[in-house]
Amino acid sequence: MSTVMASRGLRIVGLCGPFALGCSPYGGGVSMSSGVLGNSTGDTDGTTSPTGDPELTSADAADTTAGPSTATITTSASASASDTADTADTGMLEPFYRREIVIAAAEVPGTQPLLDFTALIAFAGDEGLRDVASGGHVLEPDGADLVFRDANLQPLARELVSYAAGSGRFVIWVRIPEIAADVDTTIYLDYGAPSLVDLSPTNAWNDAYRAVWHFEEPVVEGGQIRDSSDHGNHGTATNMDASNGGMGGRVGRAVSFSQPNATIVIGNGGLDLPGPVTFEGWGRMDASYAGWQRLFHKGTELDFPLSMGVGDSATGQLGTAYLAVNYLSIPSVDLEYPIPGFAYGQWYHYAGVVGGPGNDVALFVNGVRVLSTTFTNPIETGHALLHLGNMSATGSSRLWSGMIDELRFSNVARSDAWIEAGFRNTSTPTSFAKVGTEQPMP
């Protein structure tokens with residue numbers, strides 16, 4: 001690793017050989033050109049199945065059974081939180097069905113538990129998880145009676161990405177109080193009783209998440225790109241149209257940036273986070289554009305308080321990931337890391353932490369900390385707009401040439417283990433959390 005002092009501040013460039021300390025063990029990306037839950041081929045129930053994960057079929061791009069519109073589930077005050085389902089009118093026990101979901105300790109990096117972690121739970125489906133109209137046991141065709149419970153059988157908050165009633169496959173975010181690193185963690189999935197309908201709490205993302213964008217909704221010029229956190233940092237699609245949405249991503253659908261100056265603008269101060277701050281997301285570049293393609297950019301063309309992106313062939317630095325803090329100011333930080341084996345058309349997981357232990361700035365690629373340095377100055381965010389997929393909506397654009405998915409910002413410094421767990425969970429969800437067989441209850 002070499003360090004160069006320049007007038008703009010501290011520039012750190014990582015050099016990575018086959019056995020260099022800190023190099024990504026995942027080599028050139030995730031070694032798949034499509035998303036685990038994304039680009040897909042036809043399936044027998046009219047939904048789609050991904051090319052990336054042979055265990056999992058997905059209801060992303062073609063399934064209209066359930067999607068973003070069904071993600072908001074209200075809480076029923078009359079529903080029971082016990083290990084059996086009660087009928088509100090009679091108090092008699094209702095039959096229902098339960099499955100264990102196990103997150104192996106081997107899937108959790110580090111030695112400390114992950115606290116209040118929102119995990120992606122995905123399952124290819126089977127006969128029992130079809131809805132009753134399709135010969136299964138799920139009562140509601142939108143999956144409203146799919147209830148996740150913790151070890152104490154208390155309902156867990158969830159956000160449903162998709163449920164395919166004809167096959168029983170689902171993709172759901174579930175907020176789990178604690179995932180242990182030393183022993184397996186077991187949660188439960190209950191379904192098939194009327195008292196379970198609408199039991200699930202809706203706050204699937206803890207308060208530290210200041211923005212969570214899944215990019216599931218259709219894209220129209222001036223339309224809203226929904227933030228799933230409680231903070232309402234919704235984006236506005238700018239210089240975009242329907243062709244920018246709806247394609248298979250890493251998790252469900254993703255957003256693309258194909259028109260000049262296309263971007264998603266986050267207003268209301270654009271997440272004024274002076275630090276600490278963590279950002280995580282998936283990106284797939286498909287071609288060279290104007291150079292240093294932006295995953296996101298907060299600021300203007302002359303003032304970069306916070307920016308993250310990747311170089312392309314136009315810059316002569318293809319596949320060099322960068323994280324810039326207070327760029328063009330003094331002092332500033334510019335971390336640059338050439339990703340080994342980088343290729344267009346592949347998904348990579350990018351993350352950054354500003355203000356971590358020791359006030360460091362750290363860049364992560366595919367779950368691995370690849371570069372870091374100490375930086376004690378606050379981020380000069382001011383009240384600048386945040387642009388996703390570009391530097392701005394006009395002028396000298398730095399367009400992201402492909403797709404972005406599952407981008408999120410937090411106002412805490414996430415640990416290295418948290419970043420790696422997020423990468424593992426979203427790259428191979430069916431390995432991270434295994435769904436067991438159906439058990440009739442009680």
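Quick check on the stretch 213-237: of everything there that is assigned to a strand (DSSP E or B) and under 15 Å from the mean Cα position of the chain (by Cα), which residue is farthest from Trp173 (Cα to Cα)? Can you show your working first?
Of the residues in the stretch 213-237, the ones assigned to a strand (DSSP E or B) are 213, 224-225, 227, 235-237.
From what is left, the residues that are under 15 Å from the mean Cα position of the chain (by Cα) are 213, 225, 227.
On the way: Trp213: 13, Ile225: 18, Asp227: 14 Å.
Checked the stretch 213-237; the qualifying residue farthest from Trp173 (Cα to Cα) is Ile225.
Any idea how many residues of the stretch 274-314 are closer than 16 Å to Phe257 by Cα, among the hydroxyl-bearing types (Ser, Thr, Tyr) and surrounded by 24 or more Cβ atoms within 10 Å (Cβ to Cβ)?
So the answer is 0.
If you check Asn366 against the conditions, is it in contact with a Leu (Cβ under 8 Å, 6 or more places away or on another chain), closer than 23 Å to Trp213 by Cα and of a type in the set (S, T, N, Q)?
no
Out of curiosity, is Ala105 farther than 28 Å from His214 by Cα, among the hydrophobic types (A, V, I, L, M, F, W, C) and out of contact with any Leu (no Cβ under 9 Å at 6 or more places or on another chain)?
When the stated conditions are applied, Ala105 does not pass them.
Just wondering, is there one or more residues in the stretch 122-136 that are touching a residue at least 40 places away in the same chain (Cβ under 8 Å), crowded, with 21+ Cβ neighbours inside 10 Å and within 21 Å of the chain's Cα centre (by Cα)?
yes
Tell me yes or no: at least one residue of the stretch 103-111 is in the same structural domain as Asp198 (by TED's automatic domain parsing), among the polar types (S, T, N, Q) and at pLDDT below 95.
No, the conditions are met nowhere in the stretch 103-111.
Would the stretch 304-318 turn up any residue that is assigned to a strand (DSSP E or B) and of a type in the set (Gly, Ala, Ser)? Reasoning before the result, please.
So the first thing to find is which residues in the stretch 304-318 are assigned to a strand (DSSP E or B), and the list is 304-310.
Narrowing further to those that are of a type in the set (Gly, Ala, Ser): 307, 309.
Yes, the conditions are met somewhere in the stretch 304-318.
Here is a list: Ala362, Ala393, Ala421, Ala417. Which entry is touching a residue at least 60 places away in the same chain (Cβ under 8 Å) and either of a type in the set (Phe, Trp, Tyr) or in the same structural domain as Ala237 (by TED's automatic domain parsing) (or both)? Walk me through how you get there before you give the answer.
Details: Ala362 fails: touching a residue at least 60 places away in the same chain (Cβ under 8 Å); Ala421 fails: either of a type in the set (Phe, Trp, Tyr) or in the same structural domain as Ala237 (by TED's automatic domain parsing) (or both); Ala417 fails: either of a type in the set (Phe, Trp, Tyr) or in the same structural domain as Ala237 (by TED's automatic domain parsing) (or both).
The unique qualifying residue is Ala393.
For the list (1) among the charged types (D, E, K, R); (2) in contact with a Gly (Cβ under 6 Å, 6 or more places away or on another chain); (3) in a loop (DSSP other than H, G, I, E, B), I need the number of the one condition that Glu420 fails.
(3)
Checking Ala254 against (1) small (Gly, Ala, Ser); (2) assigned to a strand (DSSP E or B); (3) not assigned by TED's automatic domain parsing to the domain that holds Arg284, which test does it fail?
(3)
Filter the stretch 236-284 for residues that are of a type in the set (A, V, I, L, M, F, W, C), touching a residue at least 40 places away in the same chain (Cβ under 8 Å) and over 23 Å from Val361 (Cβ atoms) and give the result.
Listed by number, the residues that qualify are Met247, Val251, Ala254, Val255, Phe257, Ala262, Ile264, Val265.
Results for (1) free of Cβ contacts under 8 Å to residues at least 40 places away in the same chain; (2) part of a loop (DSSP other than H, G, I, E, B); (3) among the β-branched types (Val, Ile, Thr); (4) buried (at least 18 other Cβ atoms within 10 Å of the Cβ), shown as yes or no for each residue.
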position: Asp116; (1), (2), (3), (4): no, no, no, no
position: Leu120; (1), (2), (3), (4): no, no, no, yes
position: Glu159; (1), (2), (3), (4): no, no, no, yes
position: Ser167; (1), (2), (3), (4): no, yes, no, yes
position: Leu199; (1), (2), (3), (4): no, yes, no, yes
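Right, Ala351: assigned to a loop (DSSP other than H, G, I, E, B) and aliphatic (A, V, I, L, M) or not?
Working: assigned to a loop (DSSP other than H, G, I, E, B): no; aliphatic (A, V, I, L, M): yes.
No; evaluated as a whole, the condition is false for this residue.
Check Val412, Val365, Val370 and return the single one that is among the β-branched types (Val, Ile, Thr), at pLDDT 95 or above, touching a strand residue (DSSP E or B) at 6+ places or on another chain (Cβ under 7 Å) and farther than 23 Å from Ser288 by Cα.
Criteria check complete, one pass: Val370.
Given the conditions (1) over 23 Å from Asp312 (Cβ atoms); (2) touching a His at 6+ places or on another chain (Cβ under 8 Å); (3) modelled with pLDDT under 95, and given that Thr426 satisfies all but one, which numbered condition is not satisfied?
Result: Thr426 passes all but (3).
So which of Thr373, Thr315 is closer than 20 Å to Arg398 by Cα and of a type in the set (Val, Ile, Thr)?
Only one candidate passes the filter, namely Thr315.
Residues of the stretch 380-398 being surrounded by fewer than 21 Cβ atoms within 10 Å (Cβ to Cβ) and of a type in the set (A, V, I, L, M), which ones?
If the condition is that a residue be surrounded by fewer than 21 Cβ atoms within 10 Å (Cβ to Cβ) and of a type in the set (A, V, I, L, M), then Ala384, Leu385, Ala393 are the ones that fit.
List the number of the failed condition for Leu153; all other conditions in (1) surrounded by fewer than 20 Cβ atoms within 10 Å (Cβ to Cβ); (2) under 30 Å from Gly402 (Cβ atoms) hold.
That leaves (2) as the condition not met.
Which condition breaks for Ala417 when tested against (1) of a type in the set (A, V, I, L, M, F, W, C); (2) buried (at least 24 other Cβ atoms within 10 Å of the Cβ); (3) touching a Pro at 6+ places or on another chain (Cβ under 6 Å)?
Tallying (1) of a type in the set (A, V, I, L, M, F, W, C); (2) buried (at least 24 other Cβ atoms within 10 Å of the Cβ); (3) touching a Pro at 6+ places or on another chain (Cβ under 6 Å), Ala417 fails exactly one: (2).
Please specify each residue of the stretch 106-133 satisfying the condition of being in contact with a helix residue (DSSP H, G or I) (Cβ under 7 Å, 6 or more places away or on another chain) and at positive phi.
The one that is in contact with a helix residue (DSSP H, G or I) (Cβ under 7 Å, 6 or more places away or on another chain) and at positive phi: Gly110.
The values are calculated or read from the model by the stated rules, or taken from the named source; none is laboratory data. Here the structure is a predicted model, which means the values were calculated and not measured. Heads up, the Cβs are rebuilt from the backbone with ideal geometry, glycines too, and the neighbour counts pull from every protein chain shown.
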